[in-house]
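Have a look at the structure below, then the notes.
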Amino acid sequence: MTIFSKPSSFHQWLIPFIVLIAFSVGIWPMAGFGHPAGDFYQNAAKAVQSKNLQQAESLLEQALSEFPSYAEAHHLLGLVQYQRRQDASMAIPALQEAVKLNPNFAQAHYDLGLLYLHQEQFGEARTSIQQTLSLYPKFWEARLTLAKTFDHTGDTDKAIQEYETVLTQEPFASEALFHLAYHLMQKNQPERAQELLTQLTTHDSQHAEGWYLRGRLFEKDQQFDQAIEAYEQVILHDPEHTDTHYNLGFLYQQKDLPDKAIEHFQRVTQLKPTDAEAYVNLGVLLIGEKQLDKAEEVYQKALGLQPNSVEGQFNMGAFYEFHKEDLEQAKIHYIKYLELGGTDGRIQELMK
């Protein structure tokens, strides 16, 4: 069971487009309002705000025909092109031109880095983002992106260093708190990890993954009541968090609360109907509650998913032998169990 999955895509790393526009328009030097290129640019910015991206692109192309060295227009054109077509390869050349014309254009370097990330060109992305930070060291969002890039390429120590720096600049940066806590868990520093996660969930009480990691830490420390409380917070904010339902099922089973345990394992089978182990765990609980017909049904589903499971065939045989008192059905599964390599001595004797 995984504790945390790193992003497989960089779409979520791209700053929302309108935010980028708001940051870029009006900050960097541009052609004056009296210059035709400046007028085209301002009208393009207005078109972006009204979400008329086709018109914005046309206006920016006109601005560049008037003033080819207009770095800000190249920058905005690249953003518009990406937003229109969701094709980073088409937008990258415009941003490359923007930073070529204005090497001190920090936002353009950063946006170019984001597009490189979208293309999984990690070396180019790091270069662009590091150039951003050399121009604007307090741009903590860029540093966070750099940290996650190191994460993705397996440079854990560098990622940790960057997350730590982010938190000196923005102490409540949720992603930095979460990722750093995760790494510290892996490095067997649970106390600092829990401290960071407490800070995270206090500041951002709806951060389901933060609550999940807190639950894992509590569970590892055998603080089961606290673990349940943390996991319940996960479910409150993310009702379909399968791993949390799984963990709650086990914890409620340990606390001898079978109804609650059954509820969570049933939810696992709904959310992940191919999880044979969840059906087996549910079957064990249903047997304990004397719900034998339901137990038989979920055991059969488990075997349907994993017919060559040694444990599954053994469990099915034992179910028929001891709970249904159907030795013929039990033998069918015990034979399959032995064929799959099962070595239980009692079963071997029984089959003789």
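Counting only alpha carbon atoms, the long axis of helix 276-288 and the longest principal axis of the chain meet at about 40°. Taking amide H atoms as placed 1.01 Å from N in the peptide plane, the amide H of Q121 has no partner under 5 Å among residues 5 or more positions away or on other chains.
Let a ≥ b ≥ c be the square roots of the eigenvalues of the Cα gyration tensor of the range 307-352; is it rounded (a/c under 1.5), or, if not, prolate (a/b larger than b/c) or oblate? Kindly include the intermediate steps, with their values, before the conclusion.
Values: a/c = 1.87, a/b = 1.24, b/c = 1.51.
Note, shape of the range 307-352 comes out oblate.
Extending 7 Å from the Cα toward the beta-carbon at both E232 and M90 defines two label points whose distance is 5.1 nm.
Karplus-based coupling profile of the range 84-92, in residue order and whole Hz: 6, 10, 6, 10, 4, 5, 7, 8, 4, with θ = phi - 60° in 6.51 cos²θ - 1.76 cosθ + 1.60 and x standing for Gly or Pro.
Projecting label points 7 angstrom from Cα along Cα→Cβ for Y136 and H323 puts them 6.1 nm apart.
With neighbour counts taken as other beta-carbon atoms within 10 Å, the residues M185, M351 rank, fewest first, as M351, M185.
Under a 5 Å amide H cut-off, with hydrogens placed 1.01 Å from N, K272 pairs with nothing among residues at least 5 apart or on other chains. With the convex hull drawn over the C-alpha atoms of the range 240-304, the volume per residue is 63 Å³.
Could you state the angle between the C-alpha long axis of helix 122-135 and the longest principal axis of the C-alpha atoms of the chain, as a value from 0 to 90 degrees rounded to the nearest 10? Helix 122-135 sits roughly 50 degrees off the main axis of the chain.
For K255 and L350, FRET efficiency with R0 = 41 Å and r from the beta-carbon atoms, rounded to 0.05?
Working from the Cβ atoms, E equals 0.70.
With Rg and the Kirkwood Rh both taken from Cα atoms, where does Rg over Rh land for the chain?
Numbers: Rg = 28.6 Å, Rh = 24.3 Å.
Rounded to two decimals, Rg over Rh is 1.17.
Run the helix sum for the chain: -39,500 (n - 2.57) per DSSP H stretch of 4+ residues, divided by residue count, reported at 222 nm to the nearest 500 deg cm²/dmol.
My calculation for the chain gives -23000 deg cm²/dmol from helical runs alone.
If the segment from I332 to Q223 were pulled out straight at 0.36 nm per residue, it would be longer than the present Cα-Cα gap by 34.9 nm. Taking the average, over residues, of other Cβ atoms within 10 Å as the packing measure, peptides 70-77, 302-309, 153-160 rank 70-77, 302-309, 153-160 from highest down. Report note on the peptides 261-268, 97-104: ranked by the mean count of other C-beta atoms within 10 Å, highest first, their order is 261-268, 97-104.
How far is helix 140-152 tilted off the main Cα axis of the chain, in degrees rounded to 10, range 0 to 90? The two axes meet at around 50 degrees.
What FRET efficiency comes out for T156 versus Q300 if R0 is 56 angstrom and r is the Cβ-Cβ distance? Round to the nearest 0.05. It would help to have the intermediate numbers written out before the result.
Working: r = 44 Å, r/R0 = 0.79.
Calculated transfer efficiency: 0.80.
Each reported figure results from applying straightforward, stated rules to the coordinates on display, with no laboratory input. All values reported here derive from a predicted model rather than from experimental measurement. As a convention, Cβ positions derive from the backbone with ideal geometry for all residues, glycine included, and neighbour counts pool all protein chains shown.
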